[in-house]
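Notes to accompany the following structure.
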Number of protein chains: 2
Amino acid sequence: LIRSNNSELGWSRKASEEAEAVASLSCSGHGRAYLDGFVLDGGKPICECNSCYTGLDCSQLVPDCVVDVDSGNPIFLEPFWRQNAASSAIMMAGWHRMGYEFEDGSLISKELEKKIRKLHATVGNAVTEGRYIVFGAGSTQLLNAAVHALAADASSSPAKVVASAPYYPVYKSQTELFESAKFKFEGHTSSWMNSSSINFIEFVTSPNNPDGQLKKAVLQGPNAKQIYDLAYYWPHYTAIASPMDKDLMIFTLSKLTGHAGSRFGWAIIKNKAVYERMVNYMDLNTYGVSRETQLRTLKLLSVVLEGNGKQMFSFGYEAMRFRWEKLSKILSASKRFSIQQLTPQQCTFSNEVRAPTPAFAWIKCEKEEDKDCHATLSAAKIIGRAGHVFGVDSTFVRLSLVNGKDDFELLQHRLEMLVFQERLVNLMAEFTPG
Amino acid sequence: LIRSNNSELGWSRKASEEAEAVASLSCSGHGRAYLDGFVLDGGKPICECNSCYTGLDCSQLVPDCVVDVDSGNPIFLEPFWRQNAASSAIMMAGWHRMGYEFEDGSLISKELEKKIRKLHATVGNAVTEGRYIVFGAGSTQLLNAAVHALAADASSSPAKVVASAPYYPVYKSQTELFESAKFKFEGHTSSWMNSSSINFIEFVTSPNNPDGQLKKAVLQGPNAKQIYDLAYYWPHYTAIASPMDKDLMIFTLSKLTGHAGSRFGWAIIKNKAVYERMVNYMDLNTYGVSRETQLRTLKLLSVVLEGNGKQMFSFGYEAMRFRWEKLSKILSASKRFSIQQLTPQQCTFSNEVRAPTPAFAWIKCEKEEDKDCHATLSAAKIIGRAGHVFGVDSTFVRLSLVNGKDDFELLQHRLEMLVFQERLVNLMAEFTPG
């Protein structure tokens, strides 16, 4: 009898067995079971099906189901983590890091901070040498922490928080939520081009959410400060041109590894006073980021950096390239719908010219009768996010390309149907005597 | 050859072995190693020693070390989790809950919500039937979410946020941090006793931090709202008199199970509009609580509820009772230092009269020459938290009783020395001719 295991496990065995039992539940490739999923009376977790699939084992497609590509839920990377199950799993003891602080009194794992610096050095997308790093609950928490820290310098009148349209809607809704005496959302950068004496805090998103374009700050002058939201500046979404070296840059695990539910992000900061104000904000807002999340993020980034550090990015790039090609091809036959123009670029990380691989399709409805583009697509059972949410008109809609395979395939099918209908209508028009 | 394991483990084995290897590192009972601890060049985590212990295996006591009982770091429960290692461990797959939302679109695990309701029903400390529940990053995040939600109803002038001194300092510092147009910290309730027309948001902490007293709201009237901070309303810190049934109650895992680093708390809310505003705040501030934390909390609360649900509370109560008795006895011999008076109370959970078991000793320096009590104790190498931080005078100091055993023993020793010195001085005075 040959023993495949080289040691007997003790206290951790039960939790391992539970996790493997849950993971082995078959959900037909259209769902998955989780340890904390809805537990039936017998105490066994059940399959949580992808949208548009149903049944105890998620094997049934729901007829005429609406495909929801509103949220940018980054499930496209899930298969990568299943392929790397052994190296990405984490066993957490009941007594893991119970205390409020790390040994040095901070709320930040130094090992994770080192790993993040190494990751940026490997990818070449951001300068971290001599910079401070703060962790937050996703980029979400850091966006306002940054606004707060930058607005502290402002004089008597509140700092004006602005962004170039189309912009990520949270900049507006979050800034407005806090109703601070120190800052106020003041709309589009385009309204403020010649106002160099005003205190501005400009959100610069590059690549941009929703349209994937590389962006630069628009407002200049001694009182203009920038928050660079670099959530998508990774090799699976864009060619990496050079390391970014800005005063305040924000990244998130959500779009890097796909772990949106972990709520982990980080900011890279040049100025010490700004850094300290952000640390103070984190202290008083949540007292730092969950230790469970920091431990898991450390493990996930270790997997990302394994070998030459290219494995996950290659997986992600291939998935996104496939999707963009499919979508471009379908819509190239349409005069009713167009998508954003993106060009291939040299990428320093992969050392090759990279095709566009944006996280979102930014659709424009070109016809007068489709001016409410969201309604047009909804009628075709495609739920996107309406242009007005991004500060532009309603002829635009954002469609997520980072969802799971089932969602993408359904989206593809629905768009094919739309374009097929369009051609049919055109053909009929041609053969109808004037 | 008898196999003790009934199944071979697959993908989870490596992570289990890593965790057990780290857990088996000997740190002499004065420290522990963590998976994400400082890793030496060889890649092996090292012992993180309790304060006042040093050496690679934490075996050396640092001579004349300062004992830090400033923070209420709830490490006293750590031995309980080590005793329950198998049932409290969690194995997390690399693909565990990657998405932004749960299956129902919310940011809250329904299983965990159910578990929390069951816990309150078992302990009998809060009514949850027909109430809404919101999760937050510790009570910290929920405190401001609650202020935000209650202030939304206020008229043109900002709501006045108040508390009865001595009060938990975060109420003030957090409210001031946000510099909101809608609310403002306005000090002690005692200044506002006859102002019933004003919009108040009163923090009521019961048992109170720092002094362990049971408290009630002080300000009355149609425009007075309360946030009940019930962090310590659990059977290891106080007798449970009856289930609390207030409009807005906040609890935290930190003091319940000792997992302060997990940053998990919850609010129980009667009013639907208030609940919805708190949900909106959580959405825009952090987009919910980490899925890793929610999974682990579910596991920990399952252990708390095992059997008759009394095991952890008994462990905690015995530890706190032992400490309070020791401290009371030492200080009963002193006229220089006094501690708060607390009386035994009938507890509905344990069905017996319970001795006082507060989380903090609230020390008063009784002599004129010790009016800076914090300085007096610091000189004796005891770091507490100064009274002025809690809104009272500096003759008071808070000492944490929830820290690890090493900290408590050192505190006990230092206080014994102080009281011994006091008696020596008194004796010498007696024998010195006037």
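The values are calculated or read from the model by the stated rules, or taken from the named source; none is laboratory data. Just so you know, these numbers come straight off a predicted model, no measurement behind them. As a convention, Cβ positions derive from the backbone with ideal geometry for all residues, glycine included, and neighbour counts pool all protein chains shown. Just so you know, the surface numbers come from the protein's heavy atoms only, side chains and all, with ligands and any DNA or RNA stripped out. Shrake-Rupley method; radii C 1.70, N 1.55, O 1.52, S 1.80 Å.
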Need the failing condition index for A:Leu150 against (1) more than 20 Å from A:Trp234 (Cβ to Cβ); (2) surrounded by 24 or more Cβ atoms within 10 Å (Cβ to Cβ); (3) aliphatic (A, V, I, L, M); (4) in contact with a helix residue (DSSP H, G or I) (Cβ under 6 Å, 6 or more places away or on another chain), just the number. (4)
For region A:18-32, name all the residues that are within 12 Å of another protein chain (Cβ to nearest Cβ) and among the small types (Gly, Ala, Ser). A:Ala19, A:Ala21, A:Ala23, A:Ser24, A:Gly31
Kindly indicate whether any position in region B:72-79 is more than 7 Å from chain A (Cβ to nearest Cβ) and over 24 Å from the mean Cα position of the chain (by Cα). no
Subset of region A:33-51 [touching a residue at least 12 places away in the same chain (Cβ under 8 Å) and at the interface with chain B (Cβ under 7 Å from one of its Cβ atoms)]: A:Tyr34, A:Leu35, A:Glu48
Counted residues, region B:378-423 - those being without any contact (Cβ under 8 Å) to a residue 24 or more places away in the chain and not hydroxyl-bearing (Ser, Thr, Tyr): 8
Could you grab me the full set of residues in region B:117-175 that are in a loop (DSSP other than H, G, I, E, B), without any contact (Cβ under 8 Å) to a residue 24 or more places away in the chain and of a type in the set (S, T, N, Q)? B:Ser156
Selected residue [touching a helix residue (DSSP H, G or I) at 6+ places or on another chain (Cβ under 8 Å), within 14 Å of chain B (Cβ to nearest Cβ) and either charged (D, E, K, R) or at positive phi (or both)] from A:Lys172, A:Lys182: A:Lys182
Condition broken by B:Trp324, with the remaining ones in (1) at the interface with chain A (Cβ under 8 Å from one of its Cβ atoms); (2) aromatic (Phe, Trp, Tyr); (3) farther than 20 Å from B:Ser109 by Cα satisfied: (1)
Evaluate the following for B:Val39: is it aliphatic (A, V, I, L, M) and touching a helix residue (DSSP H, G or I) at 6+ places or on another chain (Cβ under 7 Å)? yes
Would you check if there is a residue in region B:53-62 being without any contact (Cβ under 8 Å) to a residue 12 or more places away in the chain and touching an Asp or Glu at 6+ places or on another chain (Cβ under 8 Å)? no
Just one of the numbered conditions (1) at pLDDT 95 or above; (2) closer than 30 Å to A:Ala23 by Cβ; (3) more than 17 Å from the chain's Cα centre (by Cα) is not true of B:Ala145; which one? (2)
Within region B:180-222, residues being touching a residue at least 24 places away in the same chain (Cβ under 8 Å), aliphatic (A, V, I, L, M) and open to solvent by 20 Å² or more (accessible area, probe 1.4 Å) number 4
